[in-house]
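The values are calculated or read from the model by the stated rules, or taken from the named source; none is laboratory data. Nothing here was measured: the structure is a model prediction, and the numbers come from that model. Neighbour counts run over all protein chains shown; Cβ positions are idealised from the backbone, glycine included.
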Number of protein chains: 2
Amino acid sequence: MPTAQNQVVRFAKIPQPGPLTADVFSWEWQAMPEVAEGELLVRTIYLSIDAGSRAQLDDRSGYVIKAQPGKVLGSSGAVAEVVQSRHPDWQPGDLLATTLARWQSFQLVAPGRQLTARVNPADGPIAMHLGILGMVGFTAYIGIFEIGRPQPGETVLVSAAAGATGAAAGQFAKVAGARVVGIAGGASKCRLVKDEFGFDECIDYRAGDISESIARACPAGIDVYYENVGGEIQQAAFAHMNDFGRVAMCGQLAQYSGEGEAPGPNLMCTVLKRLTVRGFLAFDHMDRYQEFQQRATAWYREGKLRHHATVTAGLENIHDAVNSLTSGRNIGKQLCQVADEPKF
Amino acid sequence: MPTAQNQVVRFAKIPQPGPLTADVFSWEWQAMPEVAEGELLVRTIYLSIDAGSRAQLDDRSGYVIKAQPGKVLGSSGAVAEVVQSRHPDWQPGDLLATTLARWQSFQLVAPGRQLTARVNPADGPIAMHLGILGMVGFTAYIGIFEIGRPQPGETVLVSAAAGATGAAAGQFAKVAGARVVGIAGGASKCRLVKDEFGFDECIDYRAGDISESIARACPAGIDVYYENVGGEIQQAAFAHMNDFGRVAMCGQLAQYSGEGEAPGPNLMCTVLKRLTVRGFLAFDHMDRYQEFQQRATAWYREGKLRHHATVTAGLENIHDAVNSLTSGRNIGKQLCQVADEPKF
């Protein structure tokens, strides 16, 4: 018998540019959903907060997904605990990571129709399955191994290096044998990028001229640029690319908060340096997802990958979780914790 | 015994932005050069006038080559007649096309050290070896068959379509089975692009909003954009690219006359549409030159390719030849005719 115990976040109104205020959303209690044959009812523990979480809310971001006011919003994934199963492979108490999760405290998961990975708490922090071992890790994996393809000894520059995708991209580039330089905002983030994520150098874009900083940190130029920000940093990075350099275009965080689109770099450099600038979305490459999970899990066990998350507690604070990401306050993967982790 | 009968054009001073004036160059008469063993002395008939002919003259173009005042200038190629040979394969009276020619009425050619192709007047107009059968044709060939790779039925958009490279690119795209849309300036050029070069459509960028015109002419979007201009046209073309589209970055004519670099398009579209934007220079691909010449010669014989040139007469008018190109007055390959063609 359904009772009103499922908290749901609805998109209430299109935000002003800048940080989200609470009135952009409305919170309501709904009846627990009915579980159909082949489905699971799961308790949401962590929701992934994505660049798209903000970008989908207005038209000025140029983003792929547009949310309509009145709709319940979604994330790229969640880690959750099965509470009711009508699927033979899953039992109550099992933990899973799923792609495409709603901003709800409980939700239905259909293992046949969406990517559903078993989460073993013995492998490491369960939130890691929304980070380095989840879609953000996979995005970085494709950006490095499919798009950028750094060779041993080449220089890889990674923007938003303290963010989830950037941190993962830099770590994969290190696995590939490259010299890896990050860009992040502030001295403490830069320290973390080097000490925790193992980058060779990290540029603080708030300190000094970004173009001069890149020149200093990349004395042999840039062979692969993993691009996640746009704006001035993008312009400066393009200017320091080497001949035959590759730019893996992952996103442009700088324009996801409603300030609109800045122009890009003059593209004459792509001719003179014979650059390849290639945009990608991870979901075009799902045929490599299993390979990724196997390799990344092994690398994590070998100590070659680190997981880091910034957790905002409470579904009622999800706008703050989004603001944490868009303002760059997060370190590693930004999450909203909806319920306590089970005791293991 | 050398006599002063070799006219030479020297770079005299850095030009102002805009059309070149005669005082940018100086003309002088030099002694005929001495012919060393293995070399040829040739009489220049046609000099190629290239985008780089203007762009090399100042720093604001972002171009690859910078000329220093005082130097004798060069072109990407010439068609010439052998007048003296110290090479066993060549006889006086032979015609050749050579890469890298000086702005001189006579010059030395070293067949072993530079690309030197025999020109047979029976094949067609000899100037064609600086156009569709020369480096500009080869540039277009690489742009289409190596970079853009249109599939049958895909839509290819070509900017500067009445220019030598653009006209060639469109014709190669037709050979590849694509639907080909050009962009050119003015109704008469657009007619020529369709009637002479066989494009399916041609957009007059001077008539009406360029973005709307592209939308009308490319109702199924753009799969391959052969880019040669930069500026507004580039911005509009990027906005109409299809998912997984390819942009072959050949050059940016709009910025070669000293007005400086305009910003490029916002690159978020490269992510959302998974575009590949790839710059190229033909000389990186010389391993395909012979294949190109064989295929292009065959296609010309089959009537699948057309040659068109705009000829400015006289080495003393070479600044006008450059202005013809940079102002877009030329149709097809821009040449400077230095001497009469031999009677065949």
So A:Cys336, is it free of Cβ contacts under 8 Å to residues at least 40 places away in the same chain and either under 18 Å from the mean Cα position of the chain (by Cα) or not in a loop (DSSP other than H, G, I, E, B) (or both) = no
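Can you tell which of A:Gly208, A:Gly221, A:Gly177 is in contact with a strand residue (DSSP E or B) (Cβ under 8 Å, 6 or more places away or on another chain) and either without any contact (Cβ under 8 Å) to a residue 12 or more places away in the chain or more than 14 Å from chain B (Cβ to nearest Cβ) (or both)? Please lay out each step first, then the result.
On the way: A:Gly208 fails: in contact with a strand residue (DSSP E or B) (Cβ under 8 Å, 6 or more places away or on another chain); A:Gly177 fails: in contact with a strand residue (DSSP E or B) (Cβ under 8 Å, 6 or more places away or on another chain).
After applying the criteria, what remains is A:Gly221.
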Does any residue of region B:178-189 turn out to be farther than 19 Å from B:Leu253 by Cα and in a loop (DSSP other than H, G, I, E, B)?
-> yes
For region A:104-116, what are the residues that are in contact (Cβ under 8 Å) with a residue 12 or more places away in the chain, in a loop (DSSP other than H, G, I, E, B) and of a type outside the set (A, V, I, L, M)?
-> A:Ser105, A:Pro111, A:Gly112, A:Gln114
Residues located in region B:225-255, provided they are closer than 17 Å to A:Val277 by Cα, aliphatic (A, V, I, L, M) and either at the interface with chain A (Cβ under 9 Å from one of its Cβ atoms) or without any contact (Cβ under 8 Å) to a residue 40 or more places away in the chain (or both) = B:Ala239, B:Met241, B:Val247, B:Met249
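One residue is enough: does region A:319-326 have a residue meeting the conditions part of a strand (DSSP E or B), in contact with a strand residue (DSSP E or B) (Cβ under 9 Å, 6 or more places away or on another chain) and more than 14 Å from chain B (Cβ to nearest Cβ)? Please lay out each step first, then the result.
Taking region A:319-326 and keeping what is part of a strand (DSSP E or B), we get none.
Within region A:319-326, none of the residues are part of a strand (DSSP E or B), in contact with a strand residue (DSSP E or B) (Cβ under 9 Å, 6 or more places away or on another chain) and more than 14 Å from chain B (Cβ to nearest Cβ).
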Which residues, counting only those in region A:117-176, are charged (D, E, K, R) and part of a helix (DSSP H, G or I)?
-> A:Asp123, A:Glu146, A:Lys174
Of the conditions (1) buried (at least 17 other Cβ atoms within 10 Å of the Cβ); (2) away from every other protein chain (no Cβ under 14 Å); (3) within 28 Å of A:Ala220 (Cβ to Cβ), A:Lys304 fails just one. Which one is it?
-> (1)
Consider A:Ala101 against the criteria (1) among the aliphatic types (A, V, I, L, M); (2) part of a strand (DSSP E or B); (3) within 14 Å of chain B (Cβ to nearest Cβ): it satisfies all of them except one. Which criterion is unmet?
-> (3)
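Does at least one position in region B:275-292 carry a residue that is over 21 Å from the mean Cα position of the chain (by Cα) and buried (at least 17 other Cβ atoms within 10 Å of the Cβ)? Give the derivation first.
Step one: filter region B:275-292 for residues over 21 Å from the mean Cα position of the chain (by Cα), giving B:275-276.
Going one step further and asking which of them are buried (at least 17 other Cβ atoms within 10 Å of the Cβ), we end up with B:275-276.
Looking for residues that are over 21 Å from the mean Cα position of the chain (by Cα) and buried (at least 17 other Cβ atoms within 10 Å of the Cβ), one finds at least one in region B:275-292, hence yes.
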Does B:Glu291 qualify as being without any contact (Cβ under 8 Å) to a residue 24 or more places away in the chain and under 19 Å from B:Ala117 (Cα atoms)?
-> yes
With the condition kept exactly as written, say whether any residue in region B:263-286 is in contact (Cβ under 8 Å) with a residue 40 or more places away in the chain, more than 7 Å from chain A (Cβ to nearest Cβ), touching a helix residue (DSSP H, G or I) at 6+ places or on another chain (Cβ under 6 Å) and not aliphatic (A, V, I, L, M).
-> yes
The residue from B:Gly303, B:Gly260 that alone is modelled with pLDDT of 90 or more and assigned to a loop (DSSP other than H, G, I, E, B) is B:Gly303
